[in-house]
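The block underneath contains the structure these notes are about, expressed in structure tokens.
The values are calculated or read from the model by the stated rules, or taken from the named source; none is laboratory data. Note that the structure is predicted; figures quoted are calculated from it, not measured. A quick note on method: Cβ atoms are made from the backbone with ideal geometry, for glycine too, and the neighbour counts reach across all protein chains shown.
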Amino acid sequence: MAVLEQSQPMTAPAPAKQKKVGQSYASLVWWKFKRNRVAVVGGVILITFYLSFVFLPEIISPYDVQHSSDFAEAGPTPLHFVDQAGKFHLQPFVYGMEQKLDFKTRARTYVEDTTRIYPIHFFVHGDPYKLFGFIPLDIHLYGVDQKSDPQAIVLLLGADALGRDWFTRIMYGGRLSLLIGLIGQFLTLFFGTALGVVSGFYGGAVDQLIQRTTEFLSTFPEIPLFMALAAAIPPYWSPLAAYFVLTLILSFVRWGGLARQVRGLILSLREREYALAAKSAGASDARIMFRHLMPGTMSHVVVIATLAIPSMILAETALSWLGLGIRPPLTSWGVLLQDAASVRAIHNTPWELWTVPFILVTILAYNMLGDGLRDALDPYGAR
Amino acid sequence: MSESLSEPLIEVKDLRVEFDVRAGIVKAVDGLTLTIQRGKTLGVIGESGCGKSMTARAILNMIPKPGKITQGKIVYHRRLQNNGQSQLDDIVELTELDPDGKVIREIRGGEIGMIFQEPMSSLTPVYTVGSHINEAVALHHLTPVRKVGDQLAEQVMAHRQVTKEESREIAIKMLQRVGIPKPTERVDSYPHQLSGGQRQRVMIAIALSCEPALLIADEPTTALDVSIEAQILDIMRELQESVNMAIMFITHNLGVIASMADEIVVMYMGKAVERAKVVDLFKNAKHPYTQALLKSIPHLGKKKVGGRLASISGMVPDPFNLPTGCVFHPRCPMFMPGKCDQIAPSWTKVDEEHWVSCLLYEEV
């Protein structure tokens, strides 16, 4: 009896295992990925960020990015639930703000005017915009009723020197910063993988040429190279064009490392019998390279790429901070950091440093996701 | 049947494949001549490294990098099906084709299929079984394998690319032909979900999906266990009959070759040393090397119990420093001093369709 009982837990998980055998690679990867909580959290954060910063900043932020107000350098407006009379409001509200000028130091301070109460509305009508560039709307996720009182304003993360809502600026800035990471990495992936595959498959002179080129590119110190290339962008170009050229530059300098890793993988994969089998079945070189060998490198490449996106975002941030990347009036997290990068700004408007946690969380999320992917994409490996 | 009795499909003439490596030149194949008849099985046997696989690779013009075909010809008697009615006969010199060109790629897989020793690693791990077969079909724009008498459909489909559904159907049909159970489900399996024997069947299915004129089987059952081996051999024999395909069967397993081949070529150090019909070779081997090979097979139920297996004395010679005269002479039990180490033997006909390359049978 004891033996029977002991064998019970041994046989119980068998059906689950059995089911796993018949599953496709993708579902195995997903199954393993799901079990890694940290990676799932990273993924969820990134999906949320990309959705809200890239696609929906117009809706989520209360104002247009260029909406300036009289409240220059105003600090974050506190949210209240309980008014002066001690009455509890289910709907949070903000008080109106009054500007005071210290005549000695010429510093502006803001005090709450408790007589004016502006309840926070959700899905309020505000600055008009075009969603996805073509749907005209004026709905904002939250805000105060500005139509009835133009003095009403809500600044969750304070305002900059022009009285623009900092939260709005972070939202819009995230769009460019997150996109540059993604687009730039996509280009890097494209160049790096294609050149790495060709380099590893043919070897010889082609290999030499490609590998020496990557070495040549990687011997340059990055920042001066960026500076030189960014300086080459004509100043009369629109900021948007400059932005795309910057993306190209970033990926152009960075494909070398990926190409080298892909080459190494291809060098071993091309000796596999299935490459020979494909050749004996009449497949062309291009077909063998890109249909049979390249997929074998993909799990590696995806992980490398995921872990490299943060460095792309950071590179953009660094360049823009140096004033070489994205230029105002376009907003990116680098541009926002540049605004905050002075002792005066840190002293007077410390809330401008709110950009930093957003950058940190993004990069952390990418690393969490990348680590999870690395484990998940090798579902047959131990662990 | 009678018309295909002695119709050559591939003629390898005086082929030499050399590898120019740092330590010198290795002759992987050295003056090999053989003929593969249409619809027949040619067995090629020999020790490891005697040039069997290189010959196969040379036929597909797929000699790996430092290797080169320095001499000889491989004549392929190509037969192009034209609308299933008339046949265009064409003679192609395979060694003269551009190894990456369009013609050789059409021939590879389309007209000469190949299956490898390692079924475990011959399938690209990221694709399903079905997509492997579909790729072979798509590469050669082939139409489904049809039953005899299905002429009308053949006419209609002769010059049409197959659709996805048709292609899948072909894949299922091919899997069924090679005896894979539940082909409709297996067509969506990935290679790692199949056993070794099933994978080798898939390889055969891929090779056969284009109805090649020649199937080169390079030790196709070496990695499989004996019962699976027997099944695979059965399948190959069966399919050979149904599509009138020639097989070049490379192995070092004498038992397997005895049951498969019509004719056998014995190779030693890149040279053919004996060629004969299968029964003739096993009953009446002439070359001392062949005799030694046959002796080294263990026999069940032999009277002498506890005796040691016969082995060939000596070692395979250093490929950089081949012996003079007959390359086998240092290991040969019939070594004739002054003759074998000086004169290279040439083909001698000892019987009807039985040639041997040995000085014992040559009058010098």
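Sort out which residues of the stretch B:191-226 are aliphatic (A, V, I, L, M), at pLDDT 80 or above and surrounded by fewer than 20 Cβ atoms within 10 Å (Cβ to Cβ), and write them in order of number. Once the filter is applied, which keeps residues that are aliphatic (A, V, I, L, M), at pLDDT 80 or above and surrounded by fewer than 20 Cβ atoms within 10 Å (Cβ to Cβ), the stretch B:191-226 yields B:194, B:226.
Somewhere in the stretch A:60-68, is a residue among the hydrophobic types (A, V, I, L, M, F, W, C) and at pLDDT 80 or above?
Yes, the stretch A:60-68 contains at least one residue that is among the hydrophobic types (A, V, I, L, M, F, W, C) and at pLDDT 80 or above.
All conditions but one from (1) assigned by TED's automatic domain parsing to the domain that holds residue A:286; (2) of a type outside the set (Asp, Glu); (3) closer than 24 Å to residue A:363 by Cβ apply to residue A:156; the one that does not is (1). Scanning the stretch B:99-115 for residues that are small (Gly, Ala, Ser) and facing another protein chain (nearest Cβ under 9 Å) gives B:109, B:110, B:113. In the set (1) out of contact with any Lys or Arg (no Cβ under 9 Å at 6 or more places or on another chain); (2) more than 16 Å from residue B:239 (Cβ to Cβ); (3) of a type in the set (Asp, Glu), residue B:211 fails one condition alone, (2). Out of the residues in the stretch A:313-348 that are in contact with a Phe, Trp or Tyr (Cβ under 6 Å, 6 or more places away or on another chain) and outside any loop (DSSP other than H, G, I, E, B), state the one that is farthest from residue A:367 (Cα to Cα). Once the filter is applied, the top-ranked residue is A:338.
Of the helices (runs of 4 or more DSSP H) lying entirely inside the stretch B:245-364, those containing at least 1 residues that are in contact with a Phe, Trp or Tyr (Cβ under 6 Å, 6 or more places away or on another chain) span B:254-260, B:288-295.
Just a yes or no: is a residue in the stretch A:259-271 crowded, with 20+ Cβ neighbours inside 10 Å, touching a residue at least 12 places away in the same chain (Cβ under 8 Å) and at the interface with chain B (Cβ under 8 Å from one of its Cβ atoms)? No, the stretch A:259-271 has no match at all.
Here residue B:70 clears all of (1) modelled with pLDDT under 85; (2) surrounded by fewer than 16 Cβ atoms within 10 Å (Cβ to Cβ) except the condition numbered (1). Scoring residue A:249 on the criteria (1) touching a Leu at 6+ places or on another chain (Cβ under 7 Å); (2) assigned to a helix (DSSP H, G or I); (3) under 21 Å from residue A:198 (Cβ atoms) leaves a single failure, condition (3). Looking across the stretch A:272-286, the residues that are part of a helix (DSSP H, G or I), facing another protein chain (nearest Cβ under 8 Å) and either without any contact (Cβ under 8 Å) to a residue 24 or more places away in the chain or not acidic (Asp, Glu) (or both) come down to A:273, A:274, A:276, A:277, A:278, A:279, A:280. Of B:185, B:229, all but one fail to be surrounded by fewer than 19 Cβ atoms within 10 Å (Cβ to Cβ), free of Cβ contacts under 8 Å to residues at least 40 places away in the same chain and assigned to a helix (DSSP H, G or I); the exception is B:185. Every condition in (1) in contact with a strand residue (DSSP E or B) (Cβ under 8 Å, 6 or more places away or on another chain); (2) buried (at least 18 other Cβ atoms within 10 Å of the Cβ) is met by residue B:288 except one, and the failing one is (1). Under the condition of being in a strand (DSSP E or B), aromatic (Phe, Trp, Tyr) and surrounded by 16 or more Cβ atoms within 10 Å (Cβ to Cβ), the residues counted in the stretch A:119-169 number 2. Just one of the numbered conditions (1) modelled with pLDDT of 85 or more; (2) more than 10 Å from chain A (Cβ to nearest Cβ); (3) out of contact with any Phe, Trp or Tyr (no Cβ under 8 Å at 6 or more places or on another chain) is not true of residue B:93: (3).
From the residues in the stretch B:116-125 that are touching a Leu at 6+ places or on another chain (Cβ under 9 Å) and within 8 Å of another protein chain (Cβ to nearest Cβ), which one is farthest from residue A:295 (Cα to Cα)? Result: B:116.
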